[in-house]
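This report concerns only the one structure given below.
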Amino acid sequence: MRSAFDYLAARAGQRPDDALVGPAHRPPGRRCERDPEGLARYARECAATLWTPAGAPILRWLTDERGLPEDVLRVNEIGADTGSRRQFRPDGMPRAAGAVLPTIVDGQPIYAHIRVMRPGPDRTRYLNPAYDLAPSPRMCRYEPARRLHDEIVITEGAIDGLSAAAAGYVAVPFFGTGCPDASHALALARLPGPLVMAFDPEEGKGQRSAAHLRALLAAHQRTALNVRPPDGDLNECLLAGDDWPQRFEAAIADARRAETIGRSLAG
């Protein structure tokens with residue numbers, strides 16, 4: 001039986017917009033080809049590089065500046081692209097130094113994008129492969145080193161997803177631009193376990209996406225608890241103190257109590 005993430009990996013009907021593809025990754029008059037073997041090789045070599053002296057600056061950024069535990073990085077095969085020309089890259093994969101964030105389905109990397117560590121002003125933080133190399137599923141699944149909770153946490157961005165995994169939750173981060181669509185909602189509705197949304201707390205794109213996704217899930221008779229991180233995005237909350245797993249668990253419990261009270265007041 002195909003899993004929900006097999007379903008996501010197979011969906012190819014929606015063309016990503018230019019902000020997701022990045023015009024620099026598709027030179028005019030030239031197209032690359034689909035290369036799943038090359039992309040998988042790239043992701044695996046980068047995962048190995050993270051734990052070598054060459055990958056040490058990227059590992060320090062992930063663990064020291066982003067607060068992510070090494071066991072979560074290993075479980076999810078997070079990698080390091082040093083930006084070297086000696087690094088193997090399939091045609092259509094941008095060359096840049098940064099953390100390589102793969103999407104894994106059935107043990108196989110099917111997609112990977114790069115988180116640039118310290119982008120300059122007006123520069124993007126995330127670099128994506130060309131659509132012809134690997135269309136973006138726009139979401140993936142991250143596992144905790146040890147699962148402590150039944151809830152599945154839906155986040156914005158891979159770093160927030162890894163932050164939820166660091167607290168002992170299975171995480172499903174969205175990446176790219178635009179709101180989740182009906183196919184994402186269907187995939188999420190198939191997952192066993194309570195769903196929790198932890199999008200950016202500001203009344204902007206994050207909360208609009210949360211409201212939109214909640215409505216889509218309702219069509220499949222699924223609900224999702226909306227948790228607004230108190231200190232910014234999830235990674236900022238993780239960095240705010242040493243007791244991150246306990247604080248995040250408490251935030252989910254508070255949101256659940258508030259929702260129960262709201263329903264009772266509504267009659």
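Rounded to the nearest 20 debye, the dipole magnitude of the chain is 680 debye, with +1 charges on Lys and Arg beta carbons, -1 on Asp and Glu beta carbons, and the Cα centre as origin. Of Thr223, Thr260, the order by accessible heavy-atom surface (1.4 Å probe, DNA, RNA and ligands excluded), from most exposed downward, is Thr223, Thr260. In the chain, the portion of solvent-accessible area held by carbon and sulfur atoms comes to 52 percent [1.4 Å probe, whole percent, DNA, RNA and ligands not counted]. How much solvent-accessible surface does Asp231 expose, in Å² to the nearest 10, with a 1.4 Å probe and all protein chains in place? Counting only protein heavy atoms, Asp231 exposes about 80 Å² to solvent. Between region 196-258 and region 120-159, the alpha-carbon centres lie 16 Å apart.
Between rounded, prolate and oblate, where does region 127-267 land on the alpha carbon gyration tensor, with a ≥ b ≥ c its root eigenvalues, rounded for a/c under 1.5, else prolate if a/b exceeds b/c?
oblate
In loop segments of region 181-243 as defined by DSSP, the trypsin sites (Lys or Arg not before Pro) with at most 16 further C-beta atoms inside 10 Å of their C-beta are Arg190. Where a ≥ b ≥ c are the square roots of the eigenvalues of the C-alpha gyration tensor, would you call region 70-135 rounded, which needs a/c under 1.5, or, failing that, prolate if a/b is larger than b/c, or oblate? Cα axes put region 70-135 in the oblate bin. For the pair Lys205 and Asp243, a Förster radius of 22 Å applied to the C-beta separation gives a FRET efficiency near 0.15, rounded to the nearest 0.05.
With angles folded into 0 to 90 degrees, how steeply does helix 244-266 sit against the dominant principal axis of the chain? Use alpha carbons for both and round to 10. Between the helix axis and the principal axis of the chain, the angle is about 50 degrees. Taking 7 Å steps out from each Cα toward its Cβ at Thr63 and Thr223 produces label points 4.2 nm apart. Given R0 = 41 Å, the distance between the Cβ atoms of Glu70 and Leu265 translates into a calculated FRET efficiency of 0.35. If you wrap the tightest convex hull around every Cα atom of region 38-191 and split its volume per residue, you get 114 Å³.
The angle between the Cα long axis of helix 205-218 and the main principal axis of the chain comes to about 70°, on a 0 to 90 degree scale. Taking amide H as placed 1.01 Å from N in the peptide plane, the amide H of Ala80 sits under 5 Å from that of Ala47, Thr49, Leu50, Val100, each at least 5 places away or on another chain.
The values are calculated or read from the model by the stated rules, or taken from the named source; none is laboratory data. These numbers were taken from a predicted model, which means no experiment stands behind them. Cβ: placed from backbone, ideal geometry, glycine included. Neighbour counts: every protein chain shown. When the accessible area is computed, the model is the full protein with side chains, heavy atoms only, and any ligands, DNA or RNA have been set aside. Shrake-Rupley method; radii C 1.70, N 1.55, O 1.52, S 1.80 Å.
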